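Following: one structure in structure tokens, then a few remarks.
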Amino acid sequence: MRDEDVSAASGTLLDWYDRHARVLPWRVAPADLRAGGRPDPYRVWLSEVMLQQTTVAAVGPKFERFLSLWPDVHALAGAADADVMAEWAGLGYYARARNLLKCARVVSGDLGGEFPRERAGLLKLPGIGPYTAAAISAIAFDHPEVVVDGNVERVVARLFAVETPLPQAKPELTEMAGMLTPAQRPGDHAQAMMDLGATICSPTKPACGICPLVTPCRARAAGNAAELPRKTRKAPKPVRLGYAYVARRSDGALLLERRPPRGLLGGMLGWPGSDWGDSPTETPPFAADWQEVPREVRHTFTHFDLRLAIRVACVSHEVDASRGDFVDNADFEPTSLPTLMRKVWKLAESSLPPL
DNA sequence: CAGCCGTGGGT
DNA sequence: TACCCAAGGCT
């Protein structure tokens, strides 16, 4: 594509964005930007971290909830770890929540509450990688950074008919995304590329008929837009087995434990359980008359499928558990558990006698 | 640097 | 059902 064609495509995209930009809680509309409005860097950062590998639909309510609880970076920096983890429950990739707090405390404590404006400064902060650093710099501060996420990779791969499979094609796609990035309104450009990828240039069924870039798109011309970008197939997930133990005291308190601060579901609350593998050993947190729950919990993680057998026990006040702590019934919030543990509770609760 | 790290929705 | 996929980062 010639330079003038690239420039024309970029302009066409911005025109489309002016008319079709989605209204999102963390976004400042193009017209409001022109009127002098600027996004709140705290909101941009919070939304971008939440949006990492997560859909807009899932992020929306969480973003609003976080903002109401912690309206600025100082408020978030002062929050208790357990409160932030509880509010993040259900969003997944819990290292994001741990790094979110670390980052908030650095910005609030060491940077006077001001986020770095430059990509390099942002990159040093916990939980901010190449994508997020560029996105914050571009969207919050309108710096001409090249923002490349999965949407941009797909749009560019199609626009330039890149046949190289991912992740090998990443440098090539980044260079092409850079050619498209304009000096004016780079923040809107970045969001336009991502909107286009999310709503029109979709993974399996691109709506080329209504795409503003249909004319210059080389994959469309070749008729293989839906097949790009090419990717190598992933290996099937192994199945792991395990046990989870739900103990309820006579006063209704439930035995929960804080998981280790790293690794799977790190830092989150959960039910005590066995190791997860081919042949887990039963390791209840104390001796009791553990009852089998007839159904098992099935849950899919990024790199394995899990099947958990559930055991429940009703015990007296005096029981002494080797792991975890009893949480008062009034303080127990299933919504503060990661989804896997919420599934376990749902099954366990149905097989426990009423209090 | 390739593997680890969640979850819900779409096809 | 069994995949695929999403505004990735960390180690």
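Leaving out ligands and nucleic acids, note down the accessible area per residue over the stretch A:221-355 with a 1.4 angstrom probe, in whole Å².
Accessible area per residue: 57 Å².
Whole Å is fine, so just give me how far the alpha carbon centre of the stretch A:1-65 lies from that of the stretch A:205-226.
Comparing the Cα centres of the stretch A:1-65 and the stretch A:205-226, I get a distance of 22 Å.
Give the calculated FRET efficiency between A:A86 and A:T164 to the nearest 0.05, with a Förster radius of 30 Å applied to their Cβ-Cβ distance.
0.10
Share of antiparallel DSSP beta bridges in chain A, in percent to the nearest 5?
Percentage antiparallel, nearest 5: 55.
Between A:Q291 and A:E318, what length in nm is gained on full extension when 0.36 nm per residue of separation is reduced by their alpha carbon distance? Don't skip to the end; give the middle numbers.
Numbers: separation 27, 0.36 × 27 = 9.72 nm, distance 1.94 nm.
So the extension gain works out to 7.8 nm.
In whole percent, how big is the carbon plus sulfur part of the accessible area of the stretch A:93-248, probe 1.4 Å, protein atoms only?
Within the stretch A:93-248, the accessible surface is 54 percent carbon and sulfur.
Mean separation of Cα pairs under 8 Å and 6+ residues apart, divided by the residue count of the stretch A:136-190: what relative contact order is that in percent?
Numbers: 54 pairs, mean separation 29.4, N = 55.
54 percent.
Give me the percent relative contact order of chain A, please, defined on Cα pairs under 8 angstrom at least 6 residues apart.
This gives 16 percent for chain A.
Which length gain, in nm to one decimal place, applies between A:A57 and A:D325 when the Cα-Cα distance is subtracted from 0.36 nm times their residue separation? Show your work: numbers first, answer last.
Working: separation 268, 0.36 × 268 = 96.48 nm, distance 3.45 nm.
In short, 93.0 nm is gained.
Assuming R0 = 30 Å, what is the FRET efficiency of A:E172 and A:H74, from their Cβ-Cβ distance, to the nearest 0.05?
0.10
Checking the cross-link filter: which lysines have an alpha carbon closer than 22 Å to that of A:K343, excluding same-chain neighbours under 8 positions apart?
In chain and number order, the partners are A:K62, A:K237.
Contact order normalised by length for the stretch A:239-351, with contacts defined as Cα pairs under 8 Å and 6 or more residues apart; what percent is it?
36 percent
Please give, to one decimal in nm, the separation of the simple spin-label points placed at A:R262 and A:E227, each 7 Å out from Cα toward the Cβ.
A separation of 4.4 nm, rounded to one decimal place.
Roughly speaking, what is the stretch gain from A:R22 to A:N99, that is 0.36 nm per residue apart minus the C-alpha to C-alpha distance, in nm to one decimal?
My answer for the length gained is 24.9 nm.
Taking only protein heavy atoms and a 1.4 Å probe, what accessible area per residue, in Å², does the stretch A:53-109 have with all protein chains in place?
Details: 2470 Å² over 57 residues.
In whole numbers, the stretch A:53-109 has 43 Å² accessible per residue.
Quick one: helix A:3-20 against the long Cα principal axis of chain A, what's the angle to the nearest 10°, folded into 0 to 90?
50 degrees
If each of A:A235 and A:R38 carries a label point 7 Å out from its Cα toward its Cβ, how far apart are those two points in nm?
Taking the simple label geometry, A:A235 and A:R38 are separated by 4.9 nm.
Once both axes come from the Cα atoms, what is the angle between helix A:339-351 and the longest principal axis of chain A, in degrees from 0 to 90, rounded to 10?
40 degrees
How high is the FRET efficiency from A:A183 to A:D278, r the C-beta distance, R0 51 Å, rounded to 0.05?
Numbers: r = 57 Å, r/R0 = 1.11.
That gives a FRET efficiency of 0.35.
Roughly what angle does helix A:170-180 make with the longest principal axis of chain A, taking Cα atoms, 0 to 90 degrees, to the nearest 10?
50 degrees
For chain A, modelled as a Gaussian network with Cα springs under 10 Å, which listed residue fluctuates most, A:R43, A:R154, A:R298?
It is A:R298.
The values are calculated or read from the model by the stated rules, or taken from the named source; none is laboratory data. Since the model is a prediction, treat every value here as computed from it, not as a measurement. Every residue, glycine among them, receives a Cβ derived from its backbone with ideal geometry; neighbour counts consider all protein chains shown. Remember, those area values only see protein heavy atoms, side chains included, never the ligands or the DNA or RNA. Shrake-Rupley method; radii C 1.70, N 1.55, O 1.52, S 1.80 Å.
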